[in-house]
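The values are calculated or read from the model by the stated rules, or taken from the named source; none is laboratory data. A quick note: this is a predicted structure, and the numbers were derived from the prediction, not measured. Glycine also receives a Cβ, built like all others from the backbone with ideal geometry; neighbour counts cover every protein chain displayed.
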Amino acid sequence: MIAPFQPHLAALLGEQLASGTFSRVSLFGGDRYTLRMSTAIECARVLSCAHGGGEHCRCPSCTKFATLSYSDLIIVSQRDHRQRIEAALAAFLHDPNGPWRNRLIQTIRIPLLGFHPILLEEAGSALQNTAARAEGMNNLLYELTAEGVLERNRAEEYVRDLRKTLKDFYSGLPKSTTVSINQVRSIDSWVHQTNISGQLRFVILEGIEQTNIAARNALLKLLEEPPKGVYFFLISEHPSRIMPTILSRSRQYLFPPLSEENRRSFIASYGLTESNYDSLRSFFLTQSGVNIEESRLLVDRLLASLIDGRALDSRTIASITAEIEKTNSCEYVLSILGEAIAKSVLSRRYVAKAVALIDETYAAGLLYNQNQRFTFEALYYRLLEER
């Protein structure tokens, strides 16, 4: 699945998997949209397969991985998956009886696996409530998996039901954007339990560079000597920020951005003939309803206000923040606002403070708050105060 888009890495990993030299702890580093998560899942599938992991294998293990219903797999990935899910929903509607049915199910299950029963043992009531919503989503996905040939109207019903259930699920997501100490402890307990199923166990952790010191130390201890039959995949955008002791216990792979040709092929795999996107980021943003040009115009207005040191009127701010919330574009607007401020005529001192405030807003996990408009409005006035 990844070979057409990351051919060199696919060849290297394929050789290590075939020769039995694949590491028990792997670190996949690189920018977003370089297929790090997809590669980790594919490696786990091949490792679990008793028949060599061929691309078209239909053994019980590979069949479960096709929809991420493999019971001995945990994924902790608390980045916002909505853009990818929306793109997958569009591809599924384009061809509801093709490969995108399973790929849609897999795309949705990635965030759901953060609510694996093992991870809920020390969870509070709020997280338990979100887990109940995740279970409702899983039931809908099991129903979709069991469907035969889907007519167009039935596929549209599924998309409506999935979007409704996803909206409820998103509203209860935790604000944390990293791996917590409780999650590491739960994983530690799980991997050391007797494995009755006899299956290999896989743990995929994304964003470990953002963990606090307690979680890092617990993870380090866990990775020092992984239990037999357990494989860890660490995914990071900033490997240089990871503790050197954790880096030393993992085999590292750097994922380069997709070439222009491979990017076009990747977008075409969604069943779209239009592939005139300058990046995969813009593709996923557009598929999720973000108007990139409008977002840039909003940032231009905000930047002009900050440079002048004059607040926009309340009606204008309300209109801007409502649009951000409506399109779920807070993350994107924050990123391009930070870039615009950094390139502006504003003083270096102000730029440093402003970028720190924007990073703080992002790192605090406020992007997962359903009231994105209030989050962004508060940030705007804080940026003005610094002027």
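Some points to look at:
- Against the test of being within 24 Å of Pro257 (Cα to Cα) and among the basic types (Lys, Arg), the options Arg315, Arg281, Arg382 yield a single qualifying residue, Arg281.
Residue by residue, here is whether (1) farther than 25 Å from Cys49 by Cα; (2) modelled with pLDDT of 95 or more; (3) in contact with a Gly (Cβ under 8 Å, 6 or more places away or on another chain) holds:
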residue: His192; (1), (2), (3): no, no, no
residue: Ser197; (1), (2), (3): no, no, no
residue: Phe202; (1), (2), (3): no, yes, no
residue: Gly207; (1), (2), (3): yes, no, no
residue: Gln210; (1), (2), (3): yes, no, no
residue: Ile213; (1), (2), (3): yes, no, no
residue: Arg216; (1), (2), (3): yes, no, no
residue: Glu225; (1), (2), (3): no, no, no
residue: Lys228; (1), (2), (3): no, no, no
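- Just one residue in the set Tyr253, Tyr332, Tyr270 is crowded, with 18+ Cβ neighbours inside 10 Å and out of contact with any Phe, Trp or Tyr (no Cβ under 8 Å at 6 or more places or on another chain); that residue is Tyr332.
- Taking the criterion of being under 24 Å from Glu225 (Cβ atoms), among the aliphatic types (A, V, I, L, M) and part of a helix (DSSP H, G or I), the only residue of the stretch 47-76 that qualifies is Leu47.
- Residues (assigned to a helix (DSSP H, G or I) and surrounded by 12 or more Cβ atoms within 10 Å (Cβ to Cβ)) located in the stretch 143-153: Leu144, Thr145
- Residues satisfying the stated conditions in the stretch 345-374, i.e. at pLDDT below 80, closer than 21 Å to Gln210 by Cβ and in a helix (DSSP H, G or I): Glu360, Thr361, Tyr362, Ala363, Leu366, Leu367, Tyr368, Gln372
- Each residue in the stretch 274-311 was checked for being without any contact (Cβ under 8 Å) to a residue 24 or more places away in the chain and in a loop (DSSP other than H, G, I, E, B), and 6 of them qualify.
- Of the listed requirements (1) part of a helix (DSSP H, G or I); (2) crowded, with 20+ Cβ neighbours inside 10 Å; (3) in contact with a Leu (Cβ under 6 Å, 6 or more places away or on another chain), Ile110 misses just one: (3).
- Residue list for the stretch 1-55, restricted to those being within 26 Å of Ile108 (Cα to Cα) and polar (S, T, N, Q): Gln6, Ser26, Thr34, Ser38, Thr39, Ser48
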